[in-house]
Amino acid sequence: MVNATKGLFISCDIPMAQFIINYNASLPASQKFIIRALDNTHLFVQPHAAEMIRSAISQFREQNSYEKPA
């Protein structure tokens with residue numbers, strides 16, 4: 001018998017994959033969204049987590065952007 005799981009396939013570079021994995025690890029067990037880390041650059045996650053991941057990445061980029069002083 002075949003078991004199928006609906007999910008979202010994410011393909012990214014290694015640092016971004018590590019960011020997503022660490023973000024997932026920081027959440028309580030009931031909110032974890034990674035179904036399987038396929039390799040260093042591919043993740044299979046629950047489909048409802050897409051916007052949450054985008055938001056976390058956006059916040060991370062805002063915190064780590066350089067603005068030239070006036």
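Tabulated data for the structure shown
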{"quantity": "Hey, residue 45 without any contact (Cβ under 8 Å) to a residue 12 or more places away in the chain and among the β-branched types (Val, Ile, Thr) or not", "calculated": "no"}
{"quantity": "Selection from the stretch 21-70 of residues that are of a type in the set (D, E, K, R), over 19 Å from residue 5 (Cα atoms) and in a loop (DSSP other than H, G, I, E, B)", "calculated": "67, 68"}
{"quantity": "Single condition residue 43 does not satisfy, out of (1) closer than 23 Å to residue 61 by Cβ; (2) surrounded by fewer than 16 Cβ atoms within 10 Å (Cβ to Cβ)", "calculated": "(2)"}
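Laboratory data are not the source of any read-out in this text; all were calculated from the coordinates shown. Values in this document were obtained by computation on a predicted structure and should not be read as measured data. Glycine also receives a Cβ, built like all others from the backbone with ideal geometry; neighbour counts cover every protein chain displayed.
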